[in-house]
Each structure stands twice: as C-alpha cells, then as structure tokens.
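Here the structure comes first, spelled out in structure tokens, and everything after it is commentary.
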C-alpha cells in the first residue's frame, strides 16, 4: 500500500507548477537542491558561481534566493566578503521546491501492531510536511536496501542489525530499544515442548536478514530442517503442523494459543536481540538531502508514543 497526502504550507504562496518551467523556476529549484545539502552555519556557494553554473544572470540568482527567503524555505545572512551563510533551513519545503516529487520511504509490511504503529506514527508526522510523502511496504530489509540502491526510495525503515549488514547505508534516526521487534520467542507445537530438538522442521523467512539470523542462532548445534516461510504466516504454519517451530514475537501471539509452547529467547544468551529490536531509518550513505528532511520531520518521542498507542489498541492504525 502506498499513499500520497496533499502537502500543507503556511506562509507566502508557493510558485505555480507552470512557473517552475521558467528560468526563474529552474533557478529556484537548483538553489533549493543545493541548500538541501547545507546545514546551519555553512557558507553557500557564491551568487556569481551559481549564476555561471546555472547559465543565469546574477540578478536571477539573487531573485531566486530572495524567493526562497520569502516563502520561509531559507534564512540566510550575508557577511560581506566572507560570503553568505545559512542561518535556518526548512528542509521539507526545500525538498518540495527542488524535487517536484514525493519523498518515498520503504517500510516493513505492517503485519504486526508494532510495525503498524510505526507506519501510523510516520504518516502522522509526515502529513504535517509541505510535501507529499509516499510509503511503500516491502517484505525484507534486503529488498528495502535494494530499493534505496536503485533510487526507487529515498529512505527505509530497518532494524539496526540489518543496517549493519549493509555498509552502504547510513543511519539517520535511531528509534531506540524494542521499536522494531520485541519479546522474541520460540513458538513450538506441543504445549510440553522444551526447545528445539534434532529432526524438527523450523520455519525461516529468508527474505529477512533478522529472522534468518535469530532462527539459526536459536537452532545452533541442532540437526534440524529449515523450511522457507513467510514470517507473517509463522503462527498458522506451526498450528497447522507444516512446521514444528519458528521464532516469532510474543505480542503477535493471540491469547488463545491452544497446544503451543512459547519459550522466551533470553537477551543474555542472544545479545544480538538488542540490535534486532531497534528500528532505524536509513538512507544511502552521503544522501544529505533525504537525511536532512528525515531528521527535520521525525520526533522520536512522539513517534514511539504513537507506536505504543497502536500496540495498546488505544489508537487505530492509519497509514
């Protein structure tokens, strides 16, 4: 599911779409793109250099900078011969003026309330931005990483463990413990089961680096058969007898579990669970524009609070 929302903007009117194809509109877009990669305190490119690079007059460039200032996209301060410096930037507004397309994010499939809560929180915060944001739901962190590499998305939500598996990715927001997954358990057929035994059929979702890792760790030193599954179908497959066990999240198990055993995985035994449980937002390393917009948009405290409201059924998922 991917949804766009109408951007909101409070302040002077933004240029009409047809004006963006004028020389002035092209210069505004180029200036906005350049400023997306700047931070407060940094010096911007000199007007004369901009003019030469954009094949525009100095006056057109100055008018472009004045326009960005008038709509609240940039607050700049001139320091004579030292140049002009950034005081404050509205990165989401700059994105809209520079890119003329949605900001695209890749998220996990919202099969659990924890993921649905993250999607709801992200949608809530992005809806406040003066640009369209498109959320695309993809199974597996590797697929989301490939979407970034192929420029099919601008940012992605993965676990900190998965991010570490992809050195080409840069973490721009870390949401903290138990925001991605929590309460990992071994889910086994037979209420009297005490753990993984030789000969068992164990479900493993190969599209998920996290699930692949923790399942193999939980079955270490056992002679078992790995059966490829979709993680979201894990409970059904155990109940129906297709597999004997898998690793799942405790909070996604219904109250009535029947003839099943739930064995918590101890973080002391599996310290990697900490990184598996932390949600992070990543971009391609060096993508300062997308990173700046994400950092400006995300309030970690509010996002986590919304997630907890969805998990606790105090708020309906909406994304």
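Looking only at residues in the stretch 178-200 that are farther than 25 Å from residue 303 by Cα and crowded, with 17+ Cβ neighbours inside 10 Å, which one is modelled with the lowest pLDDT? Before the answer, list the steps.
In the first step, residues of the stretch 178-200 are kept if they are farther than 25 Å from residue 303 by Cα; the result is 185-200.
The next check asks that each one be crowded, with 17+ Cβ neighbours inside 10 Å; those that pass are 185-189, 193, 196, 200.
Values: 185: 92, 186: 94, 187: 93, 188: 94, 189: 90, 193: 82, 196: 92, 200: 95.
By that ranking, first place goes to 193.
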Open item on the list: Given the criteria under 27 Å from residue 104 (Cβ atoms), part of a strand (DSSP E or B) and either without any contact (Cβ under 8 Å) to a residue 24 or more places away in the chain or touching a helix residue (DSSP H, G or I) at 6+ places or on another chain (Cβ under 6 Å) (or both), does residue 293 qualify?
Closed with: no
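Of the residues that sit in the stretch 220-253 and are in a strand (DSSP E or B) and touching a residue at least 40 places away in the same chain (Cβ under 8 Å), which one is surrounded by the fewest Cβ atoms within 10 Å (Cβ to Cβ)? Before you say what the answer is, go through the steps one by one.
At the first step, the residues of the stretch 220-253 found to be in a strand (DSSP E or B) are 225-228, 245-249.
Subsequent filtering for residues that are touching a residue at least 40 places away in the same chain (Cβ under 8 Å) retains 245-249.
Values: 245: 28, 246: 25, 247: 30, 248: 23, 249: 20.
For the stretch 220-253, the residue satisfying everything is 249.
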Apart from one, (1) within 29 Å of residue 126 (Cα to Cα); (2) crowded, with 17+ Cβ neighbours inside 10 Å; (3) free of Cβ contacts under 8 Å to residues at least 60 places away in the same chain all hold for residue 89; the odd one out is (3)
For the stretch 106-163, the count of residues that are in a loop (DSSP other than H, G, I, E, B) and either assigned by TED's automatic domain parsing to the domain that holds residue 254 or within 19 Å of residue 277 (Cα to Cα) (or both) equals 8
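Regarding residue 134, is this residue more than 17 Å from residue 231 (Cβ to Cβ) and at pLDDT 95 or above? Spell out the reasoning first.
On the way: more than 17 Å from residue 231 (Cβ to Cβ): yes; at pLDDT 95 or above: yes.
Against the criterion (more than 17 Å from residue 231 (Cβ to Cβ) and at pLDDT 95 or above), residue 134 qualifies.
Would you tally the residues in the stretch 187-213 being in a loop (DSSP other than H, G, I, E, B) and in contact (Cβ under 8 Å) with a residue 40 or more places away in the chain?
Step one: filter the stretch 187-213 for residues in a loop (DSSP other than H, G, I, E, B), giving 190-200, 205-208.
Narrowing further to those that are in contact (Cβ under 8 Å) with a residue 40 or more places away in the chain: 190-196, 200, 205, 207-208.
Residues in the stretch 187-213 being in a loop (DSSP other than H, G, I, E, B) and in contact (Cβ under 8 Å) with a residue 40 or more places away in the chain: 11 in total.
Taking the stretch 201-218 only, how many residues are farther than 21 Å from residue 143 by Cα and crowded, with 21+ Cβ neighbours inside 10 Å? Step through it out loud before you land on a result.
Taking the stretch 201-218 as the starting set, the residues that turn out to be farther than 21 Å from residue 143 by Cα are 201-202, 217-218.
Then drop every residue that is not crowded, with 21+ Cβ neighbours inside 10 Å, which leaves 202, 218.
Residues meeting the conditions: 2.
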Restricting attention to the stretch 279-294, the residues that are in contact with a strand residue (DSSP E or B) (Cβ under 6 Å, 6 or more places away or on another chain) and surrounded by fewer than 22 Cβ atoms within 10 Å (Cβ to Cβ) number exactly 1
Selection over the stretch 44-95 where residues are touching a helix residue (DSSP H, G or I) at 6+ places or on another chain (Cβ under 9 Å), assigned to a loop (DSSP other than H, G, I, E, B) and within 27 Å of residue 291 (Cα to Cα) yields a count of 6
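The values are calculated or read from the model by the stated rules, or taken from the named source; none is laboratory data. On a predicted model such as this, the values are computed, not experimentally measured, just so you know. Counting neighbours? That spans all protein chains shown, and the Cβs are built from the backbone with ideal geometry, glycine included.
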